[in-house]
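J.: Take this structure, written in structure tokens, and hold onto it; I'll ask about it next.
The values are calculated or read from the model by the stated rules, or taken from the named source; none is laboratory data. Computed from a prediction, not measured in an experiment: that's the story for all the values here. FYI the Cβ positions are ideal-geometry reconstructions off the backbone, even for glycines, and counts take in every protein chain you see.
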Amino acid sequence: MRFEEFTTRFVQQTGKKEGPISPVMINSASFGYGNSETGEGIFDGSIKKPLYARVGNPTSGQLEQILASMDGGIGAVAASSGMGATAMATLSLLRAGDEIISIGGLFGGTYSYFSETLTRFGITTRFFDVDEFTAVEEAVNTATKIIFLESVGNPNMRLPDIARIAEIANRYGVALVVDNTITPLSIAPLSLGADMVVYSTTKIITGNASALGGAVVFRPIRDGEDKFKGDRYRDVHPFIQKMGSMALIANAKKRALRDFGMSANGFGSYLTMLGLETLPLRMDRIVSSVETVAKALYAKRLAVNHPSLPHHPHHNRYRDQFANGCGTLLTLDLGSKEAAFEFLNRSKLITITANIGDSRTLGLHMASTIYRDFDEPTREFLGITPGLVRISIGLENAEEIVADFLHAANI
């Protein structure tokens, strides 16, 4: 098993040996301090007790510890959704006049956030393909605060060379944020040079569509030289002076979570931890099934897009850098909206929904849903063709998925 190291860790971290075995769910919005002195200590950070649920919940705190351990981070902050996590990671560092470099394919919500919402607040984003390394390097300037990428392009299925991009980011002293939603356990962005890792825990981490959630995992501020000690990140310096290695967490909580309120709730975090217990088992089965399904459909001459296939432009990168797979996704190009609709409607296994990473196999026509309001040049850049269907493979038997898809495609 590719994910064996996590099977013991996750169940031991979520369960307890005494008292309630299942994680304790705390849904209180506020917490009593007992006395004024304790209240003062909680607010100045010298006493580690709950302050107010908008800036932290004990159940979410347990989830944060597990996620930080999973990625080798110093800590994590849970959020209300994946977009909440992306907003937390970025807004905690940005101010008007700053720039983002976004690399590769992007989930439609993230692209809209960068290209529309942040633009209204004077923040510019430049978009590049995953292999435009020279152009990315030339785009870095004094206003650049963040390089952002997805571990796997959703839905264009292009794979970034994360370590090479991290080298550029670190050489120029720019923060690298990696959305690792599709590849938890498969890819460890912090070990490749990233500074923050973003998750929509709604997806494969929870795995059963029961809980909306997100999280950001942070690396520590290092002793000696560190990019965040430079003038580019002067807004973070007060947190470094007070919190040291934990500064990025404190910065995110005070500059984003406290003020924008993208806070996780205790019940959602509880459900997410239940999903985490089986994540290694589910990931191992699903990444194997994805390859099986992709190869079988390709053999039947369907226009399937997945890096495990030899014709994919990043097939060698997949073999060299994605030995643990690249998540649950593949895409099919049926040629037209009408053919895509027919395929989805004929399938007996596909659940038609905008979610991914579920225990069930999911599918969605991209152009008529998530990307319906995007202009044609943007769709072309993001790989959205008229007949594109995004598929998220679930836990069903792989051969049954293949048979169902061939039936749905009239083959």
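J.: Restricting region 227-244 to residues that are within 17 Å of ASN141 (Cβ to Cβ) and without any contact (Cβ under 8 Å) to a residue 60 or more places away in the chain, which is nearest to the chain's Cα centre (by Cα)?
T.: First pass over region 227-244, keeping only residues within 17 Å of ASN141 (Cβ to Cβ): 227, 230-234.
Keeping just the survivors that are without any contact (Cβ under 8 Å) to a residue 60 or more places away in the chain gives 227, 230-231, 234.
Numbers: LYS227: 23, GLY230: 27, ASP231: 28, ARG234: 27 Å.
Top of the filtered list is LYS227.
J.: Within region 73-91, is even one residue surrounded by fewer than 20 Cβ atoms within 10 Å (Cβ to Cβ), farther than 20 Å from ALA194 by Cβ and at pLDDT below 95?
T.: Checked against the condition, which is being surrounded by fewer than 20 Cβ atoms within 10 Å (Cβ to Cβ), farther than 20 Å from ALA194 by Cβ and at pLDDT below 95, region 73-91 yields no hits at all.
J.: Let me ask something additional. Going through region 337-358 one residue at a time, which ones are farther than 16 Å from HIS407 by Cα and surrounded by 18 or more Cβ atoms within 10 Å (Cβ to Cβ)? Reasoning before the result, please.
T.: Here is the first cut: in region 337-358, the ones farther than 16 Å from HIS407 by Cα are 337-338, 352-358.
Scanning region 337-358 gives ILE356, GLY357, ASP358.
J.: Please list, ordered by residue number, the helices (runs of 4 or more DSSP H) wholly in region 18-102 having 2 or more residues that are free of Cβ contacts under 8 Å to residues at least 24 places away in the same chain. Walk me through it before giving the result.
T.: Numbers: elements: 36-44, 58-71, 82-91.
Once the helices (runs of 4 or more DSSP H) in region 18-102 are filtered for at least 2 residues that are free of Cβ contacts under 8 Å to residues at least 24 places away in the same chain, what remains is 36-44.
J.: I'd like to check something: does region 234-251 contain any residue that is small (Gly, Ala, Ser), crowded, with 24+ Cβ neighbours inside 10 Å and modelled with pLDDT of 95 or more?
T.: Yes, region 234-251 has at least one match.
J.: Next up: So ILE147 clears everything in (1) touching a residue at least 40 places away in the same chain (Cβ under 8 Å); (2) touching an Asp or Glu at 6+ places or on another chain (Cβ under 8 Å) except one condition, right? Which one?
T.: ILE147 satisfies every listed condition except (2).
J.: List the helices (runs of 4 or more DSSP H) inside region 269-368, counting only whole elements, that have at least 3 residues being modelled with pLDDT of 95 or more, more than 30 Å from GLY15 (Cα to Cα) and among the small types (Gly, Ala, Ser).
T.: So the answer is 279-299.
J.: Now, a different point. Would you pick out the residues in region 1-44 that are closer than 19 Å to GLY61 by Cα and of a type in the set (Phe, Trp, Tyr)?
T.: PHE10, PHE31, TYR33, PHE43
J.: Just the residues that are buried (at least 18 other Cβ atoms within 10 Å of the Cβ), without any contact (Cβ under 8 Å) to a residue 60 or more places away in the chain and not in a helix (DSSP H, G or I), please, taken from region 153-174.
T.: PRO160
J.: Right, another one. Of everything in region 109-152 that's among the charged types (D, E, K, R) and surrounded by 18 or more Cβ atoms within 10 Å (Cβ to Cβ), which residue is nearest to GLY84 (Cα to Cα)?
T.: GLU150
J.: Now for a separate question. Check whether at least one residue in region 373-393 is aromatic (Phe, Trp, Tyr), buried (at least 16 other Cβ atoms within 10 Å of the Cβ) and modelled with pLDDT under 95, and report yes or no.
T.: Yes, region 373-393 has at least one match.
J.: Here's a follow-up. Quick check on PRO313: is it more than 24 Å from PHE3 (Cβ to Cβ) and in the same structural domain as PRO386 (by TED's automatic domain parsing)?
T.: Judged against the criteria, PRO313 is a match.
J.: Looking at the structure I just gave you, is LEU212 crowded, with 24+ Cβ neighbours inside 10 Å and either modelled with pLDDT of 95 or more or farther than 11 Å from MET88 by Cα (or both)?
T.: So LEU212 fails the test.
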